[in-house]
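The values are calculated or read from the model by the stated rules, or taken from the named source; none is laboratory data. In this text the structure is predicted, and so the values were computed from the model without any measurement. Note: ideal-geometry Cβ built from the backbone for every residue, glycine included; neighbour counts use all protein chains shown. Accessible surface is based on the protein model in full, side chains and every heavy atom, while ligands, DNA and RNA are left aside. Shrake-Rupley method; radii C 1.70, N 1.55, O 1.52, S 1.80 Å.
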Amino acid sequence: KMIPKTSSGTISGTTGGVITLPSNLSITYPANALVNAVSGAPYTGTATISAFRIDPTANDIARIMPGDLRGLNTGGSLQLLTTYGMVAVEMNGSGGELLQIASGKKATLSMPIPASLSSSAPASIPLWYFDEVKGLWKEEGVAIKTGNNYVGDVSHFSFWNYDVPGNYVQFNCTVRSTNGQPVANVIGKISVVSNPASEGYGWTNAAGYVSGAVAKNQ
């Protein structure tokens with residue numbers, strides 16, 4: 001699914017500012033924190049911030065988020081992720097140019113924790129950004145549980161994800177009809193009973209086969 005790009009507000013590239021969404025997601029920018037994403041030149045004009053909170057409990061989260069819930073931790077190991085929330089952010093200058101966070105600067109993200117996940121939300125949680133080249137999330141930083149929110153600092157923007165990592169096992173199955181014939185091009189989905197938003201899905205091939213990573217001991 002495409003995420004509609006709508007303005008969440010504006011800030012000054014010189015003085016910074018705070019953007020707050022109706023979903024209670026907020027982004028705080030320090031002064032002199034923006035640069036042109038292509039040239040790296042400091043940006044001092046008015047910046048338009050387009051942000052979107054992805055609800056981790058949404059039934060269609062697998063179709064909204066980029067990639068799937070697999071990530072590379074700081075040690076380079078592949079892990080399966082349990083998400084507590086995601087955010088997509090894009091920043092543009094007055095001429096439409098793409099902006100990015102300046103080197104040495106960080107913006108602060110404050111993300112609400114859904115009430116249904118609050119009891120299992122840890123006191124601190126790793127932050128992960130989506131690597132569009134690898135098609136995987138990559139661990140970078142940590143967020144702290146503050147009241148009903150997770151608060152953490154990020155040094156660049158695209159998609160960010162608040163996740164608890166875990167080991168996984170490979171799940172394989174073949175879908176067959178009642179007369180034993182393989183069923184091709186049907187979707188198979190598997191999710192954690194205690195957290196349905198932690199799910200994976202795939203399409204069967206011509207032999208009815210589908211596979212993927214699932215949470216260990218769940």
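From the residues in the range 114-129 that are open to solvent by 20 Å² or more (accessible area, probe 1.4 Å) and at pLDDT 95 or above, which one is farthest from Thr146 (Cα to Cα)?
The qualifying residue farthest from Thr146 (Cα to Cα) is Tyr129.
Scan the range 98-108 residue by residue and report those that are in contact with a strand residue (DSSP E or B) (Cβ under 7 Å, 6 or more places away or on another chain) and either assigned to a loop (DSSP other than H, G, I, E, B) or among the hydrophobic types (A, V, I, L, M, F, W, C) (or both).
Leu98, Leu99, Ile101, Ala102, Lys106, Ala107
Residues in the range 75-109 that are open to solvent by 40 Å² or more (accessible area, probe 1.4 Å) and closer than 18 Å to Gly16 by Cβ: how many?
So the count comes out to 8.
Quick one: count up the residues across the range 170-218 that are of a type in the set (D, E, K, R), open to solvent by 50 Å² or more (accessible area, probe 1.4 Å) and in a strand (DSSP E or B).
Result for the range 170-218: 2.
Just need a number here: residues in the range 11-35 that are of a type in the set (Val, Ile, Thr) and open to solvent by 80 Å² or more (accessible area, probe 1.4 Å).
Within the range 11-35, residues that are of a type in the set (Val, Ile, Thr) and open to solvent by 80 Å² or more (accessible area, probe 1.4 Å) number 3.
Among the residues of the range 22-53, write down those that are more than 20 Å from Lys106 (Cβ to Cβ) and touching a residue at least 60 places away in the same chain (Cβ under 8 Å).
Within the range 22-53, Ser23, Asn24, Val38 meet the criteria.
Looking only at the range 132-169, count every residue that is surrounded by 13 or more Cβ atoms within 10 Å (Cβ to Cβ), among the hydrophobic types (A, V, I, L, M, F, W, C) and closer than 20 Å to Lys216 by Cβ and tell me the total.
3
In this structure, does Tyr84 turn out to be over 25 Å from Leu136 (Cβ atoms) and aromatic (Phe, Trp, Tyr)?
So Tyr84 fails the test.
Within the range 45-52, can one find any residue that is open to solvent by 50 Å² or more (accessible area, probe 1.4 Å), of a type in the set (A, V, I, L, M, F, W, C) and closer than 21 Å to Gly135 by Cβ?
Yes, there is a match, as at least one residue in the range 45-52 is open to solvent by 50 Å² or more (accessible area, probe 1.4 Å), of a type in the set (A, V, I, L, M, F, W, C) and closer than 21 Å to Gly135 by Cβ.
Quick check on the range 109-144: of everything there that is over 20 Å from Leu69 (Cβ atoms) and not in a helix (DSSP H, G or I), which residue is nearest to the chain's Cα centre (by Cα)?
If we take residues in the range 109-144 being over 20 Å from Leu69 (Cβ atoms) and not in a helix (DSSP H, G or I), then Ser110 is nearest to the chain's Cα centre (by Cα).
Can you confirm whether Thr57 is surrounded by fewer than 17 Cβ atoms within 10 Å (Cβ to Cβ), in contact with a Leu (Cβ under 9 Å, 6 or more places away or on another chain), closer than 20 Å to Lys145 by Cβ and among the polar types (S, T, N, Q)?
For Thr57, the condition - surrounded by fewer than 17 Cβ atoms within 10 Å (Cβ to Cβ), in contact with a Leu (Cβ under 9 Å, 6 or more places away or on another chain), closer than 20 Å to Lys145 by Cβ and among the polar types (S, T, N, Q) - is met.
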